[in-house]
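Okay, so here's the structure we're looking at.
No lab work stands behind these numbers, since they all come straight from the coordinates. Predicted, not measured: the structure shown is a model, and the values here were computed from it. Don't worry about glycine lacking a Cβ; one is built from the backbone with ideal geometry, like all the others, and counts go over all protein chains shown.
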């Protein structure tokens, strides 16, 4: 799957479900800059799993707690494209 399509889905979901106002950028930290907590991250990953047809193990989410948006997109891209 194309990286830009994944980016668009992530940005749209962040903007529409977590009340993030202003511009979202790849360099922003999910927790520190965007205010997502671990429950928000799980919700986001479940949504992406359902939309993009991939599966994530619980232990794989731990490093994403301090990830940037770009790192999240990298993670999803690798899961989707194998």
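I need the peptides 65-74, 30-39, 17-26 ranked by packing, meaning the mean over residues of other C-beta atoms within 10 angstrom, with the highest value on top. Let's see the in-between values first.
Numbers: 65-74: 16.7, 30-39: 14.6, 17-26: 11.6.
The packing order, highest mean first, is 65-74, 30-39, 17-26.
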ask   = Using 0.36 nm per residue, how much length does the chain from residue 62 to residue 46 gain when fully extended, once their Cα-Cα distance is taken away?
value = 4.3 nm
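Can you tell me how much longer the chain between residue 37 and residue 70 gets when fully stretched, taken as 0.36 nm per residue apart minus their C-alpha distance, in nm with one decimal?
Details: separation 33, 0.36 × 33 = 11.88 nm, distance 1.71 nm.
Extra length available between residue 37 and residue 70 comes to 10.2 nm.
May I ask for the percentage of alpha-carbon pairs in the chain that lie more than 17 Å from each other?
38
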